[in-house]
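Since the structure comes first, as structure tokens, the remarks are kept for the end.
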Amino acid sequence: MEQNVFDMFKSRGLVAQATDEDAIRDLLSKEKVTFYTGFDPTADSLHVGHFMQLIIMRHMQKAGHRPIILLGGGTTMVGDPTGKTDMRKMLTQEEIQHNADEFKRQMSKFIDFSDGKALMVNNADWLLKLNYLDFLREIGVHFSVNKMLAAECFKSRLEKGLSFIEFNYMLMQSYDFLRLRREYNCKMEFGGNDQWSNIIGGVELNRRCDSADVYGLTFTLLTTKEGKKMGKTEKGAVWLDPEKTSPYEFFQYWRNIDDAEVQNCLKLLTDIPLEEIENIDMTSGASINAAKERLAFELTSLVHSTEDAEKALSTAKNLFSGDMDAEHMPSTVLNADIVADGKAAILDVLVGAGLAASKGEARRLVVQGGISVDGDKIDDAAATIALDKLKNGAIIKKGKKIYHKVSIL
RNA sequence: GGGAGAGUUCCCGAGUGGCCAAAGGGGACAGACUGUAAAUCUGCUGCUUUAUAGCUUCGAUGGUCCGAAUCCAUCCUCUCCCA
């Protein structure tokens, strides 16, 4: 008999909190369970933060259970205050719909929606129609303000100020669970560990309204060792959409991960057997690097494709071993008007390629020795690149790891 | 509704009329060292072809003044106390 999915989650360190471990293990081994995870469509692409939830749903589906993706078309209009220090920007209904559509497209890569094997529902379907008084009388009675205020997730907001609209988020999420159980016999809610309060709210609501036993399970959050959420870079989130974060950049994000995170990420995000992960020699740089490469490769193939992962890997190998491989690196085609007298100023090229935000920044980069063109270091801010070089495509290296091909029309 | 206070550059935070493009810290970026890691050290951090120069910036708008982040008026947002 195969290992119970729940035990598999546990052994890989995925589980953070569970409402009733034994009951959950039991339920998952006895029947095909319908469970749900909510996603708030606040941006037009999924990012690494959602990734782990998708992996989990995929595992569940493989084990024969039925996932419901709950799009928070309604809740997004309110904004989850959990862990946020500021109020969220309000989105219009059109924006939310657009984002939800994009989510669906990206998710079908991980989850099989055919033949009702997985469902996607939108809580806007019921939340938008709610009548305020009915809602208060049916749902509101079951929530204790005292209890909510004591919850950890509101603490930080109580210092900064919390508006009433956000305070209601928890009720709405709890109500979602009630609706999903009533309509789809959904018995479990999954989420990141930051969702714990919201999830137990829903579990309790089901019990109070219908005396129904349902369960909640939260998963470890992917965080860096400073406790920040993973998947954020200076430029923003690492997206799953190749248009927003190219497979190469995606690959490099994982390739450059902190030593201390490698094993954890392998456990949480890949299917590589546990023993193998635990046997990685963490004392040698070479073996750690090999593990990072493996991680990056596995994840890139999952999110994009094996082909993309291979391309990213070979591009990276070539670049870092000194060979110029211009094929898969980010590139920019510049307008001919930056060329004067058969050459273009290096500063203009840097700004044009988006490698520097302003000429001042570009100058700094050059002066500090951070720029090479076709392997030759440039240290003079007045330097130029000859037109024929640009025509063939010049490879600019910024810092240690950023390569960019620049050519001209 | 009454009273008190706050809004400064990516973030925190100093600055109460010229010496302010604005201290300090964090972050980011670049360099050295490394393993495409971390830690450490150094540089750097509004824009403008170099600048002892010019321009834009200190919640918003208008005003006082030779000169405003700093003073005045109105407005907006937030926090705290009382109701």
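The values are calculated or read from the model by the stated rules, or taken from the named source; none is laboratory data. Quick caveat: nothing in here was measured; it's all calculated off a predicted structure. Reconstructed Cβ throughout: ideal geometry from the backbone, glycine too, with neighbour counts over all protein chains shown.
Points worth noting:
- Out of A:K401, A:K317, one residue alone is within 8 Å of RNA strand B (Cβ to nearest atom), touching a residue at least 24 places away in the same chain (Cβ under 8 Å) and among the basic types (K, R). It is A:K401.
- Residue count for the stretch A:263-280, restricted to those that are in a helix (DSSP H, G or I) and either surrounded by fewer than 19 Cβ atoms within 10 Å (Cβ to Cβ) or within 17 Å of the chain's Cα centre (by Cα) (or both): 11
- A:D348 being touching a strand residue (DSSP E or B) at 6+ places or on another chain (Cβ under 6 Å), surrounded by 11 or more Cβ atoms within 10 Å (Cβ to Cβ) and among the acidic types (D, E): no
- Note on the stretch A:251-272: among residues that are touching a Lys or Arg at 6+ places or on another chain (Cβ under 6 Å) and among the charged types (D, E, K, R), the one that is farthest from RNA strand B (Cβ to nearest atom) is A:K267.
- Hey, A:E361 near RNA strand B (Cβ under 7 Å from one of its atoms), at pLDDT 90 or above, under 27 Å from A:I55 (Cβ atoms) and among the acidic types (D, E) or not: no
- Here A:T300 meets each of (1) of a type in the set (V, I, T); (2) under 30 Å from A:G49 (Cβ atoms); (3) near RNA strand B (Cβ under 8 Å from one of its atoms) with one exception, condition (3).
- A:G227 fulfils the conditions (1) assigned to a helix (DSSP H, G or I); (2) modelled with pLDDT under 95 except for a single criterion, (1).
- Looking only at residues of the stretch A:151-200 that are within 16 Å of RNA strand B (Cβ to nearest atom) and of a type in the set (F, W, Y), we find that the one that is surrounded by the fewest Cβ atoms within 10 Å (Cβ to Cβ) is A:F164.
- When residues in the stretch A:152-175 are screened for being modelled with pLDDT of 80 or more and not polar (S, T, N, Q), 7 of them pass.
- Out of A:A291, A:A382, sole residue that is within 13 Å of RNA strand B (Cβ to nearest atom) and surrounded by 17 or more Cβ atoms within 10 Å (Cβ to Cβ): A:A291
Results for (1) at pLDDT below 80; (2) surrounded by 14 or more Cβ atoms within 10 Å (Cβ to Cβ), shown as yes or no for each residue.
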residue	(1), (2)
A:L217	no, yes
A:T223	yes, yes
A:G236	yes, no
A:W239	no, yes
A:Q252	no, yes
A:N256	no, no
